[in-house]
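The values are calculated or read from the model by the stated rules, or taken from the named source; none is laboratory data. Please read these numbers as outputs of a predicted model, since none were measured by experiment. Backbone-built Cβ (ideal geometry, glycine too); neighbour counts: all protein chains shown. Please note that ligands, DNA and RNA were not included when accessible areas were found on the heavy atoms of the full protein model with its side chains. Shrake-Rupley method; radii C 1.70, N 1.55, O 1.52, S 1.80 Å.
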Amino acid sequence: MPLGKRCIAEFFGTFWLVFGGCGSAVLAAAFPSLGIGFAGVALAFGLTVLTMAYTLGHISGGHFNPAVTLGLCAGKRFPAKDVIPYWVAQVIGAVAAAGVLYVIASGKAGFSLEGGFASNGYGLHSPGGYSLMACMVIEIVLTAFFLLIIMGSTDKRVPNGFAPLAIGLGLTLIHLISIPVTNTSVNPARSLGPAVFVGGWALQQVWLFWVAPLIGGLVGGLIYELLFSEYKETPVFKATEQDVANVR
């Protein structure tokens, strides 16, 4: 598949992830008396990845996340020359989705970006008031395990067709764990999209949600490649009749 089409697929997939996941947090999480809460937001993020992995995964690989792209490159599943184009497409998709979400959310009286607009944060801007160190550790660990899930479920030794389910449910679990800590990133593009519109503290803290997920993705990809990749047998030389004749 041409790189251009793959990047377009990454744009739409990342757009859907940010619009669906962050949209559920901004528009539905605390809706009066019927809000979906943390569990609903976690499920929404998982469903965005699950649906787009089935829809566009066969075109671009279904990364929708710079940390996933880097991790798959480290795990020898993705060419290094295509990493930057994928990152650009993912970031543009995330910012575009946040822009559309802003237009919708601002249509309600009383809307304010002071609520965070689903941005990620640490310290005073962590939902639970968690420290910088705690937020960094959880983002690295969860992103590393996300890469293990992705690489394991897409391994050619695994039955075909089930990877999006494992990946989507994995992302749901990740959000259930870490929404109170960082509002859950594990995806630099997802973090940058809302931060662009919130500005201020969100942009000042977004560095963590690039650095930690990228480290986690790199670690996860390397772990799977080094420990769990398919065993490669040493080629065995088989003598031909001509080789035997030459010896004689």
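Of the options (i) 17.4, 51; (ii) 20.8, 93; (iii) 21.7, 68, only one is Rg and Dmax of the Cα atoms in Å as computed from these coordinates, and that is (ii). A helix-only calculation puts the chain at -21000 deg cm²/dmol for mean residue ellipticity at 222 nm, using -39500 (n - 2.57) for each DSSP H run of at least four residues, averaged over all residues. Computed over the stretch 52-161, the quotient of the alpha carbon radius of gyration and 2.2 N^0.38 Å is 1.32. Close Lys pairs in the chain (alpha-carbon distance under 19 Å; sequence gap of 8 or more, or different chains): 4. From the alpha carbon centroid of the stretch 200-224 to that of the stretch 154-196 is 13 Å. Highest-first packing order for the peptide set 43-55, 203-215, 182-194 is 182-194, 43-55, 203-215, based on the mean count of other beta carbon atoms within 10 Å.
Given a 1.4 Å probe and heavy atoms of the protein chains only, how would you sort Cys73, Cys135, largest accessible area at the top?
Cys73, Cys135
Within the stretch 1-103, the ratio Rg/Rh, alpha carbon atoms throughout and Rh by Kirkwood, equals 1.04. Taking only the Cα atoms of the stretch 116-160, the radius of gyration and Dmax are 15.3, 45 Å. Computed from backbone phi, the HN-Hα couplings of the stretch 176-182 come to 4, 6, 10, 4, x, 8, 10 Hz, rounded to whole numbers (Karplus: 6.51 cos²θ - 1.76 cosθ + 1.60, θ = phi - 60°; Gly and Pro given as x). Dipole check for the chain: with +1 at the C-beta of Lys and Arg, -1 at the C-beta of Asp and Glu, and the Cα centre as origin, the magnitude is about 260 Debye. Shown for the chain: the carbon plus sulfur share of the solvent-accessible area, taken with all protein chains present and a 1.4 angstrom probe, equals 70%. The alpha carbon radius of gyration of the stretch 104-209, expressed as a multiple of 2.2 N^0.38 Å, is 1.23.
Relative to the longest principal axis of the Cα atoms of the chain, the long axis of helix 83-105 lies at roughly 20 degrees. The mean sequence distance of close C-alpha pairs (under 8 Å, at least 6 residues apart), as a share of the length of the stretch 1-76, puts its relative contact order at 39 percent.
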